[in-house]
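These notes are about the structure you will find just below.
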Amino acid sequence: MKKEISRKFCVAPMMGYTTPYARKLYRILSRKSFLFTEMIAVKSLIYSKNRDSIINNDFNNPVALQVGGSEIKDLQIASKIALDYDYDEINLNVGCPSKAVQKGSFGACLMKDKILVRNCIEALQNDKIEATLKCRLGLGRELNYDFFEAFIDEIAKSGIKIIYVHARNAILSGISPQANRSIPPLNYNYVKKIKTRYPKIEFIINGGINGLDEAEMLLNEFDGVMIGRLIKKNPFLLKEVDNKIYKEEKKRIIDEKVIHKYFEYINTKVGFESIFRLLSPLLNIFFSVPNSKIYKSKINDYMKNKKIKLIEDLLVKFVSESKLI
Ligand SMILES: Cc1cc2nc3c(=O)[nH]c(=O)nc-3n(C[C@H](O)[C@H](O)[C@H](O)COP(=O)(O)O)c2cc1C
(Lines give C-alpha, C1' and ligand atoms only; values in the text may rest on other atoms or scores of the structure.)
Protein backbone atom coordinates (compact mmCIF):
# COMPACT_ATOMS: atom_id res chain seq x y z
CA MET A 1 0.00 0.00 0.00
CA LYS A 2 1.23 3.48 -0.84
CA LYS A 3 1.12 6.19 1.84
CA GLU A 4 -1.28 9.10 1.34
CA ILE A 5 0.95 12.17 1.23
CA SER A 6 0.07 15.77 0.51
CA ARG A 7 2.17 17.51 -2.11
CA LYS A 8 0.41 20.85 -1.75
CA PHE A 9 3.75 22.53 -1.10
CA CYS A 10 6.95 21.12 -2.58
CA VAL A 11 10.50 22.39 -2.39
CA ALA A 12 11.93 21.96 -5.90
CA PRO A 13 14.92 19.72 -6.55
CA MET A 14 18.03 21.91 -6.96
CA MET A 15 21.47 20.55 -7.76
CA GLY A 16 24.04 21.73 -5.30
CA TYR A 17 21.35 22.98 -2.90
CA THR A 18 18.75 20.42 -1.88
CA THR A 19 21.44 18.30 -0.25
CA PRO A 20 20.73 16.05 2.73
CA TYR A 21 21.84 18.99 4.92
CA ALA A 22 19.49 21.50 3.32
CA ARG A 23 16.66 19.01 3.68
CA LYS A 24 17.42 18.76 7.39
CA LEU A 25 17.12 22.55 7.71
CA TYR A 26 13.92 22.60 5.64
CA ARG A 27 12.43 19.92 7.85
CA ILE A 28 13.28 21.87 11.00
CA LEU A 29 11.39 24.82 9.50
CA SER A 30 8.39 22.95 8.11
CA ARG A 31 7.00 19.58 9.13
CA LYS A 32 4.69 19.29 6.16
CA SER A 33 6.49 20.53 3.03
CA PHE A 34 7.24 17.82 0.52
CA LEU A 35 10.98 17.73 -0.18
CA PHE A 36 13.20 16.58 -3.02
CA THR A 37 16.79 15.47 -3.37
CA GLU A 38 19.00 17.02 -6.02
CA MET A 39 18.87 15.18 -9.33
CA ILE A 40 21.12 12.13 -9.07
CA ALA A 41 22.25 10.36 -12.22
CA VAL A 42 21.14 6.73 -11.96
CA LYS A 43 24.64 5.49 -12.75
CA SER A 44 26.01 7.38 -9.71
CA LEU A 45 23.14 6.11 -7.62
CA ILE A 46 23.96 2.53 -8.54
CA TYR A 47 27.75 2.58 -8.67
CA SER A 48 29.00 5.41 -6.43
CA LYS A 49 30.95 4.35 -3.36
CA ASN A 50 29.57 7.48 -1.67
CA ARG A 51 25.97 6.52 -2.23
CA ASP A 52 25.14 6.73 1.47
CA SER A 53 26.28 10.30 1.82
CA ILE A 54 24.69 11.35 -1.49
CA ILE A 55 21.21 10.07 -0.82
CA ASN A 56 21.06 9.76 2.94
CA ASN A 57 17.42 10.44 3.80
CA ASP A 58 17.82 10.73 7.58
CA PHE A 59 14.08 10.69 8.40
CA ASN A 60 13.30 13.86 6.49
CA ASN A 61 10.13 12.38 5.01
CA PRO A 62 8.04 13.13 3.12
CA VAL A 63 10.73 13.29 0.47
CA ALA A 64 11.26 12.24 -3.15
CA LEU A 65 14.43 10.91 -4.69
CA GLN A 66 14.93 12.54 -8.09
CA VAL A 67 16.88 10.63 -10.70
CA GLY A 68 18.19 11.32 -14.16
CA GLY A 69 18.50 8.45 -16.58
CA SER A 70 16.85 6.60 -19.44
CA GLU A 71 18.15 3.05 -19.24
CA ILE A 72 15.35 0.78 -18.17
CA LYS A 73 17.40 -1.69 -16.14
CA ASP A 74 19.16 1.11 -14.25
CA LEU A 75 15.85 2.76 -13.47
CA GLN A 76 14.44 -0.49 -12.09
CA ILE A 77 17.43 -0.73 -9.75
CA ALA A 78 17.08 2.95 -8.79
CA SER A 79 13.49 2.34 -7.78
CA LYS A 80 14.60 -0.42 -5.39
CA ILE A 81 17.28 1.84 -3.94
CA ALA A 82 14.65 4.55 -3.28
CA LEU A 83 12.66 1.98 -1.31
CA ASP A 84 15.71 0.79 0.62
CA TYR A 85 16.50 4.36 1.67
CA ASP A 86 12.91 4.97 2.75
CA TYR A 87 12.01 7.58 0.16
CA ASP A 88 8.31 8.26 -0.40
CA GLU A 89 8.63 8.76 -4.14
CA ILE A 90 10.98 8.34 -7.06
CA ASN A 91 10.87 11.15 -9.60
CA LEU A 92 12.26 11.23 -13.13
CA ASN A 93 13.91 14.45 -14.27
CA VAL A 94 12.72 15.37 -17.75
CA GLY A 95 13.36 19.09 -17.37
CA CYS A 96 17.08 19.71 -17.08
CA PRO A 97 18.47 21.29 -20.27
CA SER A 98 22.22 21.17 -19.51
CA LYS A 99 24.64 19.92 -22.17
CA ALA A 100 26.15 17.33 -19.80
CA VAL A 101 22.75 15.89 -19.07
CA GLN A 102 21.86 15.80 -22.79
CA LYS A 103 25.09 13.90 -23.41
CA GLY A 104 23.99 11.30 -20.86
CA SER A 105 20.59 11.03 -22.67
CA PHE A 106 18.46 12.26 -19.84
CA GLY A 107 16.78 15.43 -18.62
CA ALA A 108 14.67 17.66 -20.87
CA CYS A 109 15.90 16.14 -24.16
CA LEU A 110 13.82 13.06 -23.32
CA MET A 111 10.70 15.08 -24.14
CA LYS A 112 11.58 14.30 -27.78
CA ASP A 113 10.82 10.64 -27.11
CA LYS A 114 7.58 10.34 -25.19
CA ILE A 115 7.38 6.56 -25.55
CA LEU A 116 10.80 6.18 -23.95
CA VAL A 117 9.67 8.45 -21.07
CA ARG A 118 6.59 6.30 -20.55
CA ASN A 119 8.81 3.20 -20.49
CA CYS A 120 11.10 4.91 -17.97
CA ILE A 121 8.17 5.73 -15.67
CA GLU A 122 6.95 2.16 -15.94
CA ALA A 123 10.44 0.94 -14.99
CA LEU A 124 10.34 3.11 -11.85
CA GLN A 125 6.89 1.96 -10.76
CA ASN A 126 6.50 -0.35 -7.79
CA ASP A 127 3.64 -1.03 -5.41
CA LYS A 128 5.07 0.84 -2.38
CA ILE A 129 5.99 4.35 -3.53
CA GLU A 130 4.87 6.69 -6.32
CA ALA A 131 6.88 6.98 -9.52
CA THR A 132 6.44 10.52 -10.79
CA LEU A 133 7.67 12.87 -13.50
CA LYS A 134 9.02 16.42 -13.55
CA CYS A 135 8.87 17.87 -17.03
CA ARG A 136 8.64 21.11 -19.01
CA LEU A 137 5.89 22.19 -21.44
CA GLY A 138 7.94 21.36 -24.48
CA LEU A 139 11.18 22.03 -26.32
CA GLY A 140 12.49 25.01 -28.28
CA ARG A 141 11.44 28.62 -28.55
CA GLU A 142 7.84 28.08 -29.68
CA LEU A 143 5.16 27.02 -27.23
CA ASN A 144 2.88 24.34 -28.62
CA TYR A 145 -0.03 23.02 -26.55
CA ASP A 146 -0.61 20.06 -28.89
CA PHE A 147 2.94 18.85 -28.28
CA PHE A 148 2.45 19.06 -24.50
CA GLU A 149 -0.90 17.28 -24.68
CA ALA A 150 0.45 14.48 -26.88
CA PHE A 151 3.37 14.06 -24.47
CA ILE A 152 1.10 13.80 -21.40
CA ASP A 153 -1.31 11.51 -23.32
CA GLU A 154 1.53 9.04 -23.76
CA ILE A 155 2.80 9.32 -20.17
CA ALA A 156 -0.73 8.94 -18.78
CA LYS A 157 -0.86 5.43 -20.28
CA SER A 158 1.61 4.37 -17.56
CA GLY A 159 -1.02 5.05 -14.90
CA ILE A 160 1.12 7.85 -13.43
CA LYS A 161 -0.58 9.71 -10.56
CA ILE A 162 1.57 12.82 -10.07
CA ILE A 163 3.26 15.13 -12.58
CA TYR A 164 5.29 18.24 -11.69
CA VAL A 165 5.42 20.76 -14.51
CA HIS A 166 8.01 23.53 -14.74
CA ALA A 167 5.60 25.52 -16.87
CA ARG A 168 7.92 26.77 -19.60
CA ASN A 169 9.77 25.17 -22.52
CA ALA A 170 13.38 24.04 -22.35
CA ILE A 171 15.71 25.40 -25.02
CA LEU A 172 18.37 22.78 -25.60
CA SER A 173 21.02 24.90 -27.33
CA GLY A 174 22.22 28.48 -27.33
CA ILE A 175 21.25 29.38 -23.76
CA SER A 176 22.51 28.25 -20.36
CA PRO A 177 20.57 26.15 -17.84
CA GLN A 178 20.24 29.30 -15.73
CA ALA A 179 18.76 31.28 -18.64
CA ASN A 180 16.45 28.32 -19.23
CA ARG A 181 14.80 29.22 -15.92
CA SER A 182 13.85 32.72 -17.06
CA ILE A 183 13.97 33.23 -20.85
CA PRO A 184 11.34 30.72 -22.06
CA PRO A 185 7.99 32.26 -21.09
CA LEU A 186 5.84 30.69 -18.39
CA ASN A 187 2.43 29.39 -19.35
CA TYR A 188 0.34 28.06 -16.47
CA ASN A 189 -2.73 27.82 -18.75
CA TYR A 190 -1.34 24.74 -20.49
CA VAL A 191 -1.20 22.97 -17.14
CA LYS A 192 -4.72 24.12 -16.25
CA LYS A 193 -5.96 22.79 -19.57
CA ILE A 194 -4.26 19.40 -19.26
CA LYS A 195 -5.70 19.06 -15.75
CA THR A 196 -9.22 19.23 -17.18
CA ARG A 197 -8.28 16.37 -19.52
CA TYR A 198 -6.77 14.29 -16.69
CA PRO A 199 -8.63 15.26 -13.53
CA LYS A 200 -7.36 12.20 -11.68
CA ILE A 201 -3.68 13.02 -12.18
CA GLU A 202 -2.23 15.47 -9.63
CA PHE A 203 -0.54 18.33 -11.46
CA ILE A 204 1.91 20.35 -9.38
CA ILE A 205 2.71 23.75 -10.83
CA ASN A 206 6.29 25.05 -10.83
CA GLY A 207 8.15 28.07 -12.17
CA GLY A 208 8.32 31.71 -11.10
CA ILE A 209 6.15 31.51 -7.97
CA ASN A 210 7.10 34.59 -6.01
CA GLY A 211 5.67 34.14 -2.55
CA LEU A 212 3.39 32.20 -0.26
CA ASP A 213 0.35 34.38 -1.02
CA GLU A 214 0.73 33.54 -4.69
CA ALA A 215 1.27 29.88 -3.82
CA GLU A 216 -1.91 29.85 -1.76
CA MET A 217 -3.90 31.36 -4.64
CA LEU A 218 -2.51 28.86 -7.11
CA LEU A 219 -3.79 26.04 -4.94
CA ASN A 220 -7.30 27.02 -6.06
CA GLU A 221 -6.36 25.84 -9.53
CA PHE A 222 -3.64 23.24 -9.10
CA ASP A 223 -3.13 20.22 -6.86
CA GLY A 224 0.10 21.60 -5.48
CA VAL A 225 2.83 24.17 -5.93
CA MET A 226 6.58 23.67 -6.19
CA ILE A 227 9.03 26.46 -5.33
CA GLY A 228 12.78 26.49 -5.93
CA ARG A 229 14.78 29.70 -6.12
CA LEU A 230 12.78 31.61 -3.57
CA ILE A 231 13.64 29.01 -0.93
CA LYS A 232 17.23 28.83 -2.08
CA LYS A 233 17.48 32.58 -1.41
CA ASN A 234 15.66 32.45 1.91
CA PRO A 235 14.84 29.08 3.44
CA PHE A 236 13.14 30.82 6.38
CA LEU A 237 10.11 31.29 4.14
CA LEU A 238 9.32 27.68 5.02
CA LYS A 239 8.45 28.59 8.59
CA GLU A 240 5.04 29.90 7.38
CA VAL A 241 4.15 26.91 5.21
CA ASP A 242 2.56 24.59 7.78
CA ASN A 243 0.11 27.27 8.92
CA LYS A 244 -0.51 29.13 5.71
CA ILE A 245 -0.62 26.27 3.23
CA TYR A 246 -1.45 23.23 5.36
CA LYS A 247 -3.72 25.19 7.72
CA GLU A 248 -2.15 23.71 10.84
CA GLU A 249 -3.77 25.45 13.75
CA LYS A 250 -1.00 25.18 16.25
CA LYS A 251 1.53 27.87 15.43
CA ARG A 252 5.09 26.85 16.18
CA ILE A 253 7.46 29.52 17.33
CA ILE A 254 10.39 29.68 15.00
CA ASP A 255 13.27 31.77 16.25
CA GLU A 256 17.06 31.68 16.28
CA LYS A 257 16.88 28.30 18.04
CA VAL A 258 16.34 26.90 14.54
CA ILE A 259 19.85 27.99 13.65
CA HIS A 260 21.29 26.45 16.81
CA LYS A 261 19.42 23.22 16.09
CA TYR A 262 20.82 23.12 12.56
CA PHE A 263 24.36 23.76 13.81
CA GLU A 264 23.99 21.00 16.40
CA TYR A 265 23.22 18.70 13.49
CA ILE A 266 26.02 19.82 11.17
CA ASN A 267 28.60 19.81 13.95
CA THR A 268 28.30 16.02 13.91
CA LYS A 269 29.19 16.03 10.19
CA VAL A 270 32.24 18.28 10.24
CA GLY A 271 35.26 16.32 9.04
CA PHE A 272 33.11 14.00 6.91
CA GLU A 273 31.71 16.65 4.59
CA SER A 274 32.95 19.96 3.17
CA ILE A 275 32.19 22.98 5.36
CA PHE A 276 30.75 24.75 2.35
CA ARG A 277 28.24 21.98 1.64
CA LEU A 278 27.22 21.92 5.29
CA LEU A 279 26.69 25.67 5.39
CA SER A 280 25.37 26.32 1.90
CA PRO A 281 21.65 26.06 2.80
CA LEU A 282 22.14 29.07 5.07
CA LEU A 283 24.76 31.03 3.17
CA ASN A 284 22.40 32.13 0.42
CA ILE A 285 20.46 34.32 2.77
CA PHE A 286 23.53 36.57 2.89
CA PHE A 287 23.77 36.80 -0.86
CA SER A 288 20.22 37.97 -1.33
CA VAL A 289 20.09 40.73 1.26
CA PRO A 290 21.58 44.18 0.48
CA ASN A 291 24.64 45.39 2.45
CA SER A 292 25.75 41.88 3.30
CA LYS A 293 29.34 42.31 2.06
CA ILE A 294 30.96 42.58 5.49
CA TYR A 295 29.22 39.43 6.61
CA LYS A 296 30.27 37.58 3.50
CA SER A 297 33.97 38.31 3.92
CA LYS A 298 33.82 37.40 7.62
CA ILE A 299 32.07 34.13 6.78
CA ASN A 300 34.69 33.30 4.14
CA ASP A 301 37.42 33.93 6.66
CA TYR A 302 35.73 31.79 9.33
CA MET A 303 35.09 29.00 6.82
CA LYS A 304 38.74 28.93 5.81
CA ASN A 305 39.71 28.60 9.45
CA LYS A 306 36.87 26.17 10.30
CA LYS A 307 35.50 28.49 13.00
CA ILE A 308 32.01 27.04 12.96
CA LYS A 309 30.86 28.54 16.27
CA LEU A 310 31.70 32.05 15.06
CA ILE A 311 29.71 31.46 11.88
CA GLU A 312 26.76 30.31 13.96
CA ASP A 313 26.89 33.47 16.10
CA LEU A 314 27.21 35.67 13.03
CA LEU A 315 24.24 34.01 11.39
CA VAL A 316 22.05 34.47 14.44
CA LYS A 317 23.01 38.15 14.55
CA PHE A 318 22.42 38.65 10.85
CA VAL A 319 19.11 36.85 10.79
CA SER A 320 17.71 38.73 13.76
CA GLU A 321 19.00 42.11 12.57
CA SER A 322 17.53 41.61 9.12
CA LYS A 323 14.30 40.33 10.72
CA LEU A 324 14.31 37.14 8.71
CA ILE A 325 12.86 35.26 11.66
C1 LIG B 1 20.51 25.93 -8.67
C2 LIG B 1 19.40 25.15 -9.27
C3 LIG B 1 19.53 23.79 -9.47
C4 LIG B 1 18.49 23.04 -10.03
N5 LIG B 1 18.62 21.68 -10.11
C6 LIG B 1 17.53 20.94 -10.51
C7 LIG B 1 17.54 19.53 -10.41
O8 LIG B 1 18.50 18.91 -9.93
N9 LIG B 1 16.44 18.87 -10.86
C10 LIG B 1 15.33 19.52 -11.36
O11 LIG B 1 14.34 18.87 -11.73
N12 LIG B 1 15.30 20.85 -11.43
C13 LIG B 1 16.34 21.57 -11.00
N14 LIG B 1 16.27 22.93 -10.98
C15 LIG B 1 15.01 23.57 -11.44
C16 LIG B 1 14.04 23.76 -10.26
O17 LIG B 1 13.66 22.51 -9.72
C18 LIG B 1 12.78 24.52 -10.71
O19 LIG B 1 12.13 23.75 -11.69
C20 LIG B 1 13.10 25.88 -11.29
O21 LIG B 1 14.05 26.59 -10.52
C22 LIG B 1 11.83 26.73 -11.42
O23 LIG B 1 11.24 26.94 -10.16
P24 LIG B 1 11.43 28.35 -9.36
O25 LIG B 1 11.01 29.43 -10.34
O26 LIG B 1 10.53 28.26 -8.19
O27 LIG B 1 12.86 28.47 -9.01
C28 LIG B 1 17.29 23.69 -10.44
C29 LIG B 1 17.16 25.07 -10.24
C30 LIG B 1 18.19 25.80 -9.64
C31 LIG B 1 17.98 27.28 -9.41
task = Give the angle, between 0 and 90 degrees and rounded to the nearest 10, that separates the Cα long axis of helix 72-84 from the longest principal axis of the Cα atoms of the chain.
result = 40
inquiry  = List the residues, sorted by chain then number, that are 5 or more residues from residue 130 or on another chain and whose placed amide H is less than 5 Å from its amide H.
reply    = 90
message = Could you derive backbone 3J(HN,Hα) for the stretch 262-274 from the dihedral phi with the Karplus parameters 6.51, -1.76 and 1.60 (θ = phi - 60°), listing whole Hz in sequence and x where the residue is Gly or Pro?
response = 5, 5, 4, 5, 6, 4, 6, 9, 4, x, 9, 9, 5
task = Mind checking the per residue accessible area of the stretch 94-200 for me, 1.4 Å probe, whole number of Å²?
result = 45
request  = Kindly state, to the nearest 0.05, the FRET efficiency for residue 71 paired with residue 51, given R0 = 22 Å and r defined as their beta-carbon distance.
outcome  = 0.80
query = What is the distance in Å between the Cα centres of the stretch 179-220 and the stretch 272-325?
reply = 33
query = Extension gain residue 145-residue 276, at 0.36 nm per residue separation less the Cα-Cα distance, in nm?
reply = 42.9 nm
note = Taking only the alpha-carbon atoms of the stretch 26-132, the convex hull volume per residue, in cubic angstrom, is 102
inquiry  = As I understand it, the value is the acute angle between the Cα axis of helix 145-156 and the longest principal axis of the Cα atoms of the chain; what does it come to in degrees, rounded to 10?
reply    = 90
message = Report the Cα centroid-to-centroid distance between the stretch 1-59 and the stretch 245-262 in angstrom, as an integer.
response = 20
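Ordered by packing density, taken as the mean number of other Cβ atoms within 10 Å over each peptide's residues, highest first, how do 221-229, 242-250, 86-94 rank? Working shown, then result.
Working: 221-229: 20.2, 242-250: 13.3, 86-94: 24.0.
Ranking the peptides 221-229, 242-250, 86-94 by packing returns 86-94, 221-229, 242-250.
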note = Taking the chain and counting helices only, DSSP H stretches of n ≥ 4 at -39,500 (n - 2.57) each over all residues, the nearest-500 ellipticity at 222 nm comes to -12000 deg cm²/dmol
query = Contour minus end-to-end for residue 322 and residue 234, with contour as 0.36 nm per residue of separation and end-to-end as the Cα-Cα distance?
reply = 30.5 nm
key: Rounded tilt (10° steps) of 20-29 against the dominant C-alpha axis of the chain   = 80
query = Looking at the stretch 9-244 from every direction and averaging, what is the projected area of its Cα convex hull in nm²?
reply = 11.5
note = When every protein chain stays in place and a 1.4 Å probe is rolled, 111, 14, 217 sorted by accessible area with the largest first are 217, 14, 111
request  = Sticking with the crude label model, points 7 Å out along Cα→Cβ, report the distance from residue 260 to residue 119 in nm, one decimal please.
outcome  = 5.7
key: Relative contact order (%) - criterion: Cα under 8 Å, at least six apart; region: the chain   = 17
key: Protein-only accessible surface order, largest first, of 219, 279, 186 at 1.4 Å   = 186, 219, 279
inquiry  = How large a share of the accessible area of the chain, in percent, is made up of carbon and sulfur atoms when the probe is 1.4 Å and the other protein chains stay in place?
reply    = 52
ask   = Could you give the accessible area per residue of the stretch 18-80, probe 1.4 Å, as a whole number in Å²?
value = 37
message = Below 20 Å, Cα to Cα, which aspartates and glutamates can residue 244 reach? Residues fewer than 8 away in the same chain don't count.
response = 213, 214, 216, 221, 223, 255
ask   = Taking amide hydrogens as modeled 1.01 Å from N in the peptide plane, which residues meet the under 5 Å criterion relative to residue 202, leaving out close sequence neighbours?
value = 162, 163
query = Residue-wise, which Karplus ³J(HN,Hα) couplings in Hz belong to the stretch 230-236, taking 6.51 cos²θ - 1.76 cosθ + 1.60, θ = phi - 60°, and x for glycine or proline?
reply = 4, 7, 4, 6, 8, x, 5
remark   = Descending packing, highest mean Cβ count within 10 Å first, for 231-239, 30-38, 295-303, 112-120 is 30-38, 231-239, 112-120, 295-303
Residue of 56, 180, 305 that the Gaussian network model of the chain assigns the largest fluctuation, springs spanning Cα pairs under 10 Å = 305
message = Starting from the Kirkwood Rh over alpha-carbon pairs, what translational D in µm² s⁻¹ does the stretch 173-225 have by Stokes-Einstein at 25 °C and 0.890 mPa s?
response = 197
task = Just need the Rg to Rh number for the stretch 101-238, please, alpha carbons only, Kirkwood Rh.
result = 0.95
query = Taking the simple approach of a point 7 Å from Cα along Cα-to-Cβ for both residue 297 and residue 243, what is their distance in nm?
reply = 3.9
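The values are calculated or read from the model by the stated rules, or taken from the named source; none is laboratory data. For clarity, every value in this text was computed on a predicted model and none was experimentally measured. Heads up, the Cβs are rebuilt from the backbone with ideal geometry, glycines too, and the neighbour counts pull from every protein chain shown. For the accessible areas, the whole protein counts, side chains as well, though only heavy atoms, and no ligand, DNA or RNA atoms are used. Shrake-Rupley method; radii C 1.70, N 1.55, O 1.52, S 1.80 Å.
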